[in-house]
Amino acid sequence: MKQTLLILLALSLLLLSGCSCDHRWREADCLSPKTCESCGETEGEALGHSPGEWTETIDITACTIEKEQLCTRCGIQTGTETEVLDSLIRDELFLYTPEEFMARMAAIAEAYNDPFTYQITDSETGLMVEVQTGETAAFLQFFYADTSTFTYEDRNSRKVWCTSLIFYTEADANLQHYYLMAVDPTLDQDGAFQTQVAAFTAYANATLEGTAFGYYEQNGILFEYSYLSDDLTGWGYTLDMTNVYASDFR
Ligand SMILES: [Zn+2]
Ligand SMILES: [Zn+2]
């Protein structure tokens, strides 16, 4: 009898001590329910993540948009998506900045083992890019929607409406192809060649005396080609210019 009493006493002491945890509660978070840090007792359930807004990072060279969604509570990544860009135009402007455009064009040329050098400078008329490829020099300019020239300070701004490639001497065909491919991500070098042939036909059909001028549209991009030959003056001066517009303004 005495023994039974002792066992009962021991049992009740055990039970008492079990109930006596002075709980130290940690609030529920995304992964764990409300939990006592002393005894591990839990209440309710974990909250689960709270996905926030998607954010976008545009990669102009690869022509992708990396999308990412983070939990607003714990910051863990709750979602990622990669979207392929088949157009570099959004809201009637190009998505690229002048610097991004040049990096993309240089990467394309590099991929074809035909690299060129370029320099972005601040000229009297604004931002000017000089491209050197072998013997040939070409120039690139960028324009705002009001047709004014980009400023050097805006070389990292996504406000490009028109991109212009100018040759003052004989044009470098490869460089022209890289330029078209940089503007239109759906083109490979064969596609760029075909585009140039089609565009050439369009502007050759509009030939004026000593000059040619025409428009060609593809993949939502408006190409304006002009060619000026001033041989008659004896200077042998020719000018080749390709402007590409993010919207059809005609
Ligand atoms: Zn506890
Ligand atoms: Zn979370």
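How far is it, in nm, from the label point at T201 to the one at R24 when both lie 7 Å from their Cα along the line to the Cβ?
8.1 nm
For the stretch 54-107, just run the numbers: alpha carbon Rg, then divide by 2.2 N^0.38 Å, N being how many residues it has. Please report the intermediate quantities before stating the final value.
On the way: Rg = 13.6 Å, N = 54, 2.2 N^0.38 = 10.0 Å.
In units of the globular-protein estimate, the stretch 54-107 measures up at 1.36.
Share of Cα-Cα pairs in the stretch 23-156 beyond 21 Å, in percent? Provide the component values of the computation, followed by the final result.
Working: 5614 of 8911 pairs.
Value for the stretch 23-156 (Cα pairs over 21 Å): 63 percent.
Give me D29, D146 ranked fewest to most by other Cβ atoms within 10 Å of their Cβ, as a rough exposure proxy. List each step's numbers first, then the result.
On the way: D29 15, D146 6.
Listed from fewest to most nearby Cβ atoms, that is D146, D29.
Would you mind ranking C36, C21 by Cβ crowding within 10 Å, fewest neighbours first? Can you show the working numbers first?
Details: C36 15, C21 12.
With the fewest neighbours first, C36, C21 line up as C21, C36.
List, in order, the whole-Hz ³J(HN,Hα) value for each residue of the stretch 31-48 obtained from phi through the Karplus relation with A = 6.51, B = -1.76, C = 1.60 and θ = phi - 60°; use x for Gly and Pro.
The phi angles translate into 9, 10, x, 4, 9, 7, 6, 8, 10, x, 5, 10, 9, x, 10, 4, 7, x Hz.
Using only the alpha-carbon atoms, what does the chain span along each of its principal axes? Please give whole angstrom values in decreasing order.
Sorted from largest, the Cα extents of the chain read 130, 37, 32 Å.
Run lengths n ≥ 4 of DSSP H only: what is the helix-derived mean residue ellipticity at 222 nm for the chain, with -39500 (n - 2.57) per run over all residues, to the nearest 500? It would help to have the intermediate numbers written out before the result.
Working: 4 runs with 59 residues, N = 250.
Calculated from helices alone, the mean residue ellipticity at 222 nm is -7500 deg cm²/dmol.
Order the peptides 168-180, 40-52 from the highest to the lowest mean number of other Cβ atoms within 10 Å of their residues. Walk me through the numbers on the way to the answer.
Working: 168-180: 19.3, 40-52: 13.2.
Highest mean packing first, the order is 168-180, 40-52.
Tell me, how many Å apart are the Cα centres for the stretch 94-121 and for the stretch 212-230?
First find each Cα centre; the distance between them is then 21 Å.
For the stretch 110-163, what's the relative contact order in percent, using C-alpha pairs closer than 8 Å and at least 6 residues apart? Write out the running numbers ahead of the final one.
Values: 84 pairs, mean separation 14.6, N = 54.
Relative contact order for the stretch 110-163 comes out at 27 percent.
Give me the one-decimal nm value for the distance between modelled label points at F193 and L31, 7 Å along each residue's Cα-to-Cβ direction.
Distance between the two pseudo-spin positions: 5.5 nm.
How big is the Kirkwood radius of the stretch 121-250, worked out from every pair of different alpha carbons and given in Å to one decimal? Each step should come with its number before you reach the end.
Working: mean 1/r = 0.0647 Å⁻¹.
It works out to 15.5 Å.
Every number in this text was worked out from the coordinates using simple rules, so none of it is lab data. This one's a predicted model, so the numbers in the text were calculated from it and none came from an experiment. Backbone-built Cβ (ideal geometry, glycine too); neighbour counts: all protein chains shown.
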